[in-house]
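Each remark here refers to the structure printed beneath this line.
Just so you know, all these numbers are worked out from the coordinates, no wet-lab data involved. No experiment lies behind these values; they were computed from the predicted model shown. All Cβ positions, glycine included, derive from the backbone under ideal geometry; neighbour counts span all protein chains shown.
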Amino acid sequence: MIPAVSCIAAVLLFTIPFAVSAQTDSVQATDARGTTLRLARPAQRIITLAPNLTELAFAAGAGERLAGVARYSDYPPAARRLPVISDAVQFDLERMLVLRADLVLAWQGGTPPDAIVRLERAGLPVFVAGAAGLEDIARNITAIAQLAGTTAVGVKARVAFDADLRMLRMRRHEGPPVRVFYEIWDRPLMTVNNAHLISEIIGLCGGVNIFGELRSLTPEVSREALLAARPDIVLGGSSADTPADFAARWAALPPPFNAWTARHLPADLMQRPTPRILDGARQLCAHLDTIRAARR
């Protein structure tokens, strides 16, 4: 009997919208802008402009095709050995040309639009990845795999991600939703609204984002507004290196802040849209389960 996962993978190979032409070696994929990028052959020298794109390239089986990566590309460990030629806002165009890059992976909402235009005017093929929802992570893996000619690895990674996500969505959370404040930075105090991927994870775990209705994707909030919103739990990770540091910083604030439950979540697991975000989701769900158990 053929394993179920193998069957799913086989179906996906024939249904994903980024198929390689049967007559030529050309490949194509449609990015977050709605732009279809076509390459005469699978990319051999790929540049990433964000750490999560480096991780996605490895997940798609294209790690060995990376010629240069963004600063802070530290996962998987092999990424740390690659040349760093970009960061969040700038890149070394001359070096990219010297490296003969045949694909640049940019991040929607992270890579400045004028930077993308500059790259394309220089003749570099640019694929812009984005993640408005969790399913987009799987789509990004598929697209990168198609452009790199590593479709089989990409399909396997997508099947595994979809299966993990489906299991998380099948969980049932009894009782009233847990009111969550998620801190993405502390000075100024910043959070996310409901359009952000993190807020989707909070909902997945049976929580409600107390600032979800604000208009900005990453709004700044005051301590007074936070006090008035009365969260059941404070979560975050970017502004502290360890769980102890995070808890201590909240405990140092005057009452009633120090009466709240503060729990640290590794920023890389929550704020990088890669397959590891589901590891972060499981940790977040466990923290909310603790709150629900305390209510009983």
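Computed over the Cα atoms of segment 70-127, the ratio of the radius of gyration to the Kirkwood radius (Rg/Rh) comes to 0.96. The alpha carbons of segment 157-236 give a radius of gyration and a Dmax of 14.0, 44 Å, in that order.
Using the Karplus relation 6.51 cos²θ - 1.76 cosθ + 1.60 with θ = phi - 60°, the per-residue 3J(HN,Hα) values for segment 121-129 come to 5, 7, x, 8, x, 10, 10, 9, 8 Hz, with x marking Gly and Pro. When the Debye formula is applied to the Cα atoms of segment 4-167, each taken as the same point scatterer, what base-10 log of I(q)/I(0) results at q = 0.12, 0.13, 0.20 Å⁻¹? Computed log10 I(q)/I(0) values: -0.48, -0.57, -1.33. Of the residues S239, V126, L214, the one whose Cα sits farthest towards the positive end of the charge dipole of segment 96-249 is V126 (charges of +1 on Lys and Arg Cβ, -1 on Asp and Glu Cβ, taken about the Cα centre). Sequence-ordered 3J(HN,Hα) estimates for segment 147-152 from the Karplus curve with 6.51, -1.76 and 1.60 and θ = phi - 60° stand at 5, 9, x, 10, 4, 4 Hz, glycine and proline given as x. Provide, for q = 0.16 Å⁻¹, the log10 of I(q)/I(0) from a solvent-free Debye sum over equal Cα point scatterers in segment 178-295. Computed log10 I(q)/I(0) values: -0.68. Note on the chain: dipole from Cβ charges, positive end direction compared against A293, A229, A57; the farthest Cα belongs to A293.
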